[in-house]
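The values are calculated or read from the model by the stated rules, or taken from the named source; none is laboratory data. In this text, all values refer to a predicted model and were calculated from it rather than measured experimentally. Here the Cβ positions follow ideal geometry from the backbone for every residue, glycine too, while neighbour counts run over all protein chains shown.
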Ligand SMILES: Nc1ncnc2c1ncn2[C@@H]1O[C@H](COP(=O)(O)OP(=O)(O)OP(=O)(O)O)[C@@H](O)[C@H]1O
Ligand SMILES: [Mg+2]
């Protein structure tokens, strides 16, 4: 057996980038109606290449947390580090898919996916755009404009755009919420394939417990007012996961119990 060089803790072939160290003491929003503590004592370490899902009721601060990780929200007490460097603003190393798709309406589907790839040659850019449009099943819509698409299709374009940037950290805020059940299951499987191929760290917010247990290495359960981490559950199941499997359902039940425990407290 070969002796590991460099970082002894990183197994050979494992991703070395994309480690998040989150230590948010408090995130407040101050408005004319007073102040609201959206997040308190959020402490989390995410390993390079890990897939983390965040679940929790509406208003418990999931989007706020993702926006902090994306560098879009910088006014808070505490710090967040990516590979030892403090996150101080948005960066192409972190790609975000928002709760609402946010495509640029004056650009076609193809141009939206190509947006942000200007550093590539035209041939490379074209190949990449085709690849990711194929992946989300929208190649034949490449010349359409966002207003000509359904909500779910727009969301798939937004996912293709984020993936095309090949970020070290992919942040997804309820990316599949507007998709029909079958497309959602297909996109979940495809996201896993992309993740396994690209080895990026993924943080995905969802309301769907089954989705979280299907995708994640770790499920972070949040509770509201103020948003805190209630528990972190490991999903120690090999992939691809079988949704009808006994172990799968046991973990799904455990996540649900955590959510209910707060709601019924
Ligand atoms: N820009 C803002 N100004 C003031 N308050 C805000 C702002 N953004 C979020 N909040 C408040 O912070 C809290 C957390 O909001 P956030 O959007 O992070 O919740 P969420 O968990 O993503 O909810 P949902 O599941 O409905 O998307 C809420 O009480 C919300 O009203
Ligand atoms: Mg949200």
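Points worth noting:
- Residue check, residue 154 part of a strand (DSSP E or B), under 20 Å from the mean Cα position of the chain (by Cα) and free of Cβ contacts under 8 Å to residues at least 60 places away in the same chain: no
- Taking the stretch 170-182 as the range and being farther than 21 Å from residue 65 by Cβ, surrounded by fewer than 18 Cβ atoms within 10 Å (Cβ to Cβ) and in contact (Cβ under 8 Å) with a residue 12 or more places away in the chain as the test, only 180 passes.
- Test for residue 203: is it away from ligand 2 (no atom under 16 Å from the Cβ) and either assigned to a strand (DSSP E or B) or within 17 Å of residue 184 (Cβ to Cβ) (or both): no
- Qualifying residue in the stretch 153-169 (condition: surrounded by 19 or more Cβ atoms within 10 Å (Cβ to Cβ), under 18 Å from residue 113 (Cβ atoms), within 16 Å of ligand 1 (Cβ to nearest atom) and modelled with pLDDT of 95 or more): no
- Failed criterion for residue 124 (all others in (1) away from ligand 1 (no atom under 15 Å from the Cβ); (2) surrounded by fewer than 17 Cβ atoms within 10 Å (Cβ to Cβ); (3) under 20 Å from the mean Cα position of the chain (by Cα) hold): (3)
- Complete set of residues in the stretch 59-73 that are in contact (Cβ under 8 Å) with a residue 60 or more places away in the chain and near ligand 1 (Cβ under 10 Å from one of its atoms): 59, 60, 61, 62, 63, 64, 65, 66
- Among the residues making up the stretch 127-143, those that are over 22 Å from residue 184 (Cβ atoms) and either touching a residue at least 60 places away in the same chain (Cβ under 8 Å) or touching a helix residue (DSSP H, G or I) at 6+ places or on another chain (Cβ under 8 Å) (or both) are 128, 129, 130, 142, 143.
- Restricting the stretch 225-251 to residues that are touching a strand residue (DSSP E or B) at 6+ places or on another chain (Cβ under 9 Å) and assigned to a loop (DSSP other than H, G, I, E, B) leaves a set whose member that is farthest from residue 57 (Cα to Cα) is 235.
- Among (1) within 15 Å of ligand 1 (Cβ to nearest atom); (2) surrounded by fewer than 16 Cβ atoms within 10 Å (Cβ to Cβ); (3) touching a residue at least 24 places away in the same chain (Cβ under 8 Å), the one test that residue 76 misses: (2)
- Test: residue 213 is crowded, with 22+ Cβ neighbours inside 10 Å, more than 16 Å from ligand 2 (Cβ to nearest atom), on the phi < 0 side of the Ramachandran plot and not in a helix (DSSP H, G or I): no
- Residue match in the stretch 217-230 (condition: at pLDDT 90 or above and over 23 Å from residue 42 (Cβ atoms)): no
- Listed here are the strands (runs of 3 or more DSSP E) enclosed by the stretch 17-124 that have at least 1 residues being at pLDDT below 95, touching a helix residue (DSSP H, G or I) at 6+ places or on another chain (Cβ under 6 Å) and within 16 Å of ligand 2 (Cβ to nearest atom): 94-97.
Residue by residue, here is whether (1) surrounded by 14 or more Cβ atoms within 10 Å (Cβ to Cβ); (2) within 8 Å of ligand 1 (Cβ to nearest atom); (3) in contact (Cβ under 8 Å) with a residue 40 or more places away in the chain holds:
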{"site": "31", "(1), (2), (3)": "no, yes, no"}
{"site": "35", "(1), (2), (3)": "no, no, no"}
{"site": "45", "(1), (2), (3)": "no, no, no"}
{"site": "50", "(1), (2), (3)": "yes, no, yes"}
{"site": "53", "(1), (2), (3)": "yes, no, yes"}
{"site": "82", "(1), (2), (3)": "yes, no, yes"}
{"site": "88", "(1), (2), (3)": "no, no, no"}
